Ligand code: MCA
Ligand code: AMP
């Protein structure tokens with residue numbers, strides 16, 4: 001069924017309960033949500049958009065941004081959220097690949113998106129700002145406040161979530177209504193969300209974590225959101241006494257711990273702190289327990305599958321692990337020949353279940369590659385079971401850096417650096433970072449006689465690509481270390497970067 005119709009089951013009979021309270025003091029009840037999403041859905045349907053047509057949005061976080069997404073769901077459209085850090089090159093690719101019929105952007109990006117929309121023959125461009133104003137708000141103002149949700153089947157498309165590819169080309173993960181409803185129901189039950197809950201929502205709403213995981217179970221439970229437009233540790237601490245749950249990436253937790261005002265008193269009314277999107281260090285897990293009296297519940301997910309495993313709500317939450325497979329989700333850890341491995345043996349994590357996406361948008365070959373012959377999805381993560389069935393993620397077979405919860409694929413940055421005059425070749429790796437867990441560093445081989453310096457490499461990459469992907473360090477070397485097969489040995493480069501971290505002018 002249409003995922004929004006499914007979520008509506010959680011609303012009180014007259015929709016009188018509050019759904020969102022924002023950091024600016026605005027209040028939106030479920031009745032407001034129903035009206036706002038109906039207006040969006042009626043308006044978009046009125047433009048002639050058919051079920052499955054794409055609606056792309058690169059917008060700042062606002063309740064109206066969330067209503068746009070949920071309105072698109074109601075109208076049976078396919079939502080395409082885009083990180084606000086993406087620049088021209090990245091946006092050009094996404095719009096060309098997904099061919100949306102509508103684009104919604106920040107007012108200040110209108111010239112850029114206008115250009116791109118024209119180039120790709122996209123007829124409808126609207127703006128929406130942080131306060132919920134803009135040409136979209138004006139356009140939907142007069143639209144009908146009632147809309148009967150378009151019927152959708154479980155395998156109909158609800159969203160396309162772009163995840164970068166190891167070749168440097170992003171892949172659009174096709175997420176269905178059935179994926180959304182199954183994961184929402186499992187998480188509501190597993191994490192015990194009820195109408196009494198109040199979730200602090202400080203995540204961006206252009207990735208699965210903030211858009212799906214931190215919204216759908218809340219809707220389904222009839223619970224409430226304290227909506228913060230941007231993560232700020234002090235603002236989270238100020239809201240904790242009114243809240244019962246927080247979802248965040250590990251950086252949220254290290255930043256909370258860095259605040260002297262954070263402790264048991266602030267957390268007294270809290271029920272659960274959930275972490276995911278990147279590894280939670282044991283140090284953070286332990287320090288958080290000591291300071292707050294709460295044990296962070298770590299879970300594991302990905303854009304292609306929503307949530308996959310979780311530490312238990314009741315029962316031991318084991319640091320350094322992501323817990324057990326969620327109900328209905330199957331997880332196996334396999335060795336080189338596809339043989340399931342015993343506890344303690346690291347291998348590839350493969351998954352199956354109703355949460356698993358429908359494939360990569362217009363990339364049947366890529367989709368086939370990522371599935372085994374017997375239908376399991378290769379996550380690209382390396383894990384191992386312990387003797388009690390807790391899964392630990394111990395590495396990645398995909399070349400990926402996770403910085404503050406954002407994924408960066410080295411290939412994309414290497415291609416940019418390699419194209420610079422004066423560069424022979426480059427390798428991009430992740431190095432430990434106190435705030436982001438891991439961050440991007442580049443190792444560059446200069447052409448003979450080239451006077452290229454670190455600042456030039458950084459400035460060049462920054463001009464082309466989202467800021468979170470820009471190397472925070474550049475190390476110049478005579479040549480890249482390679483193994484017998486000619487493959488760059490990135491582990492050696494990581495060690496080298498760690499060794500040179502304190503050398504002046506590395
Ligand atoms: C911001 N900057 C970063 C990052 N964030 N650099 C590297 N990594 C980052 N994650 C840079 C900016 O470009 C800027 O650089 C400077 O830091 C300050 O930017 P600002 O916006 O003020 O940063 P912030 O607000 O402090 O952001 C940090 C953050 C944010 C709150 C941790 O990165 C964040 O919200 N991360 C969550 C990401 C997330 O939701 N991931 C889920 C996807 P400059 O000044 O040089 O320009 S994964 C997922 O969905 C799966 C399903 C899952 O399992 O959950
Ligand atoms: P994304 O493609 O943005 O959805 O990111 C998914 C990836 O994030 C996964 O394949 C993992 O590598 C990583 N990830 C998510 N949750 C965790 C976690 N709790 N611990 C370690 N890695 C995680």
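All of the numbers you see were taken from the coordinates with simple rules; none came from a lab. This is a predicted model, so every value here is computed, not measured. We place every Cβ from the backbone using ideal geometry, glycine too, and count neighbours over all the protein chains shown.
Below are the figures for this structure:
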{"read-out": "Cα→Cβ-extended label distance, 7 Å offset, between residue 462 and residue 131, nm", "value": "3.0"}
{"read-out": "Convex hull (Cα only) mean projected area of the stretch 4-44, reported in nm² to one decimal", "value": "3.4"}
{"read-out": "Between the stretch 28-49 and the stretch 192-242, the Cα center-to-center distance that results, in Å", "value": "22"}
{"read-out": "Against the rule of thumb 2.2 N^0.38 Å, how large the Cα Rg of the stretch 199-301 comes out", "value": "0.98"}
{"read-out": "Spherically averaged projected area in nm², based on the convex hull that wraps the Cα atoms of the stretch 132-186", "value": "6.8"}
{"read-out": "Descending Cα extents along the principal axes, the stretch 263-390, whole Å", "value": "54, 33, 23"}
{"read-out": "Under 15 Å from the residue 454 label point (7 Å along Cα→beta-carbon), backbone N, the stretch 389-413", "value": "none"}
{"read-out": "Translational D in µm²/s for the chain (Stokes-Einstein at 25 °C, 0.890 mPa s, Kirkwood Rh from C-alpha pairs)", "value": "103"}
{"read-out": "Helix-only [θ]222 nm of the chain, DSSP H runs n ≥ 4, -39500 (n - 2.57) each, per residue, nearest 500", "value": "-8500 deg cm²/dmol"}
{"read-out": "Residue 495-residue 362 FRET efficiency (beta carbon distance; Förster radius 45 Å; 0.05 resolution)", "value": "0.70"}
{"read-out": "Cα-based equivalent ellipsoid of the stretch 47-94: semi-axis lengths in Å, sorted from largest, via gyration tensor", "value": "20, 15, 6"}
{"read-out": "Normalised contact order of the chain, rounded percent, pairs of Cα under 8 Å and 6 or more residues apart", "value": "12"}
{"read-out": "Calculated SAXS-style log₁₀ I(q)/I(0) at q = 0.16, 0.20, 0.21 Å⁻¹ - the stretch 363-506, Debye, Cα scatterers", "value": "-0.95, -1.29, -1.37"}
{"read-out": "Equivalent ellipsoid dimensions for the stretch 309-448 as semi-axes, Å, which come from the Cα gyration tensor, largest first", "value": "32, 20, 14"}
{"read-out": "The stretch 382-464: relative contact order in percent, alpha carbon pairs under 8 Å with at least 6 residues between", "value": "22"}
{"read-out": "Cα-Cα pairs of the stretch 281-329 separated by more than 17 Å (percent)", "value": "37"}
{"read-out": "Convex hull volume per residue in cubic angstrom - Cα atoms of the stretch 85-176", "value": "132"}
{"read-out": "Taking the C-alpha atoms of the stretch 329-393, convex hull volume expressed per residue in Å³", "value": "86"}
{"read-out": "Extension reserve of the residue 108-residue 372 stretch, reckoned as 0.36 nm per residue once the Cα distance is removed", "value": "90.6 nm"}
{"read-out": "Length-normalised contact order for the stretch 229-309 - Cα pairs under 8 Å, 6+ apart - percent", "value": "28"}
{"read-out": "Cα extents of the stretch 256-338 along the three principal axes, largest first (Å)", "value": "51, 24, 23"}
